[in-house]
Amino acid sequence: MISIDLNTVLLIVAAIILISGIIYWRFHKLKSLAYSDDLGIYNHREINRHIRNLIKGQAEKSFAFVLIDIDRFKNYNDQFGYDKADEVLQEFVNTTKNFIRKSDTFYRYKNGDEFALVLGNVEIEEAKEIGNRLRRVIEYHPFKIDMKEVNLTISMGITNNFKNDTPEKIRKRAETALHEAKQSKNTIVLIEG
């Protein structure tokens, strides 16, 4: 018969708890990395899931989906290089995160300088007002690259949800609106559902 004293049992239990904690932490870290971006916001994979949950759960009476494109951002990449331009992207993300409500959700969209917002409990006209305020905040924010001030502007495509909508239809409407907004730059286009 094997004889194990109390200290050995406690040591084994502590090791199991420690290993379980490490596994749990790593699992959640990997899960977080799968749905987040290196800028500290959700990535595009999370958008459909979130919108589907909003539609299915009816948690929000109304919500708006906003696509944002930083106008002429390729010029900053070309002029200053990707690393410096990424610093501006991070500052843009931080500025936007500080502007939006805690209940709103911010995502990186498909391309490097495209982003998405889900604004909960808003009608489309209120979403347009919020979009215009964000547009002005970004336009007048003193972004800096190598101690040189640069001005950013953004274009936005905004749509809202309606009965029997799908995440794909919502995204498609917002993409169409954004494409139209990008023709003029520093503007917002609405497409109602």
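Across region 144-193, counting alpha-carbon atoms alone, Rg and Dmax equal 14.7, 50 Å.
Computed from Cα positions, the angle between helix 167-184 and the longest principal axis of the chain comes to roughly 40 degrees. Can you tell which of Phe106, Phe65, Phe73 shows the greatest fluctuation in a Gaussian network model of the chain with Cα springs below 10 Å? Sorting by GNM fluctuation, first place goes to Phe73. Computed in the context of the full set of protein chains, the accessible area of the chain at 1.4 Å probe radius has 54% of its extent on carbon or sulfur.
Pairs with C-alpha atoms separated by more than 22 Å, drawn from the list Lys74/Lys148; Lys128/Lys169; Lys84/Lys128; Lys110/Lys172, are Lys84/Lys128.
Counting only alpha carbon atoms, the long axis of helix 124-140 and the longest principal axis of the chain meet at about 90°. The value of relative contact order for region 43-149, using C-alpha pairs under 8 Å at least six residues apart, is 38 percent.
For log10 I(q)/I(0) by the Debye sum over Cα atoms at q = 0.08 Å⁻¹, the value calculated from this model appears in (i) -0.42; (ii) -0.31; (iii) -0.35 under label (iii). Counted without the sites themselves, the longest stretch of the chain free of trypsin sites (Lys or Arg not before Pro) in a DSSP loop having at most 16 other beta carbon atoms within 10 Å is 1-60. Please return the longest range in the chain lying between exposed loop sites, taking GluC sites (Glu not before Pro), DSSP loop only, at most 16 other beta-carbon atoms within 10 Å, and leaving the sites out. Longest stretch, sites excluded: 1-122. Please compute the contact order of the chain in relative form: average sequence separation of alpha-carbon pairs under 8 Å and at least six residues apart, divided by the residue count, as a percent. With pairs under 8 Å counted, the relative contact order is 24 percent.
The values are calculated or read from the model by the stated rules, or taken from the named source; none is laboratory data. Nothing here was measured: the structure is a model prediction, and the numbers come from that model. We place every Cβ from the backbone using ideal geometry, glycine too, and count neighbours over all the protein chains shown. Remember, those area values only see protein heavy atoms, side chains included, never the ligands or the DNA or RNA. Shrake-Rupley method; radii C 1.70, N 1.55, O 1.52, S 1.80 Å.
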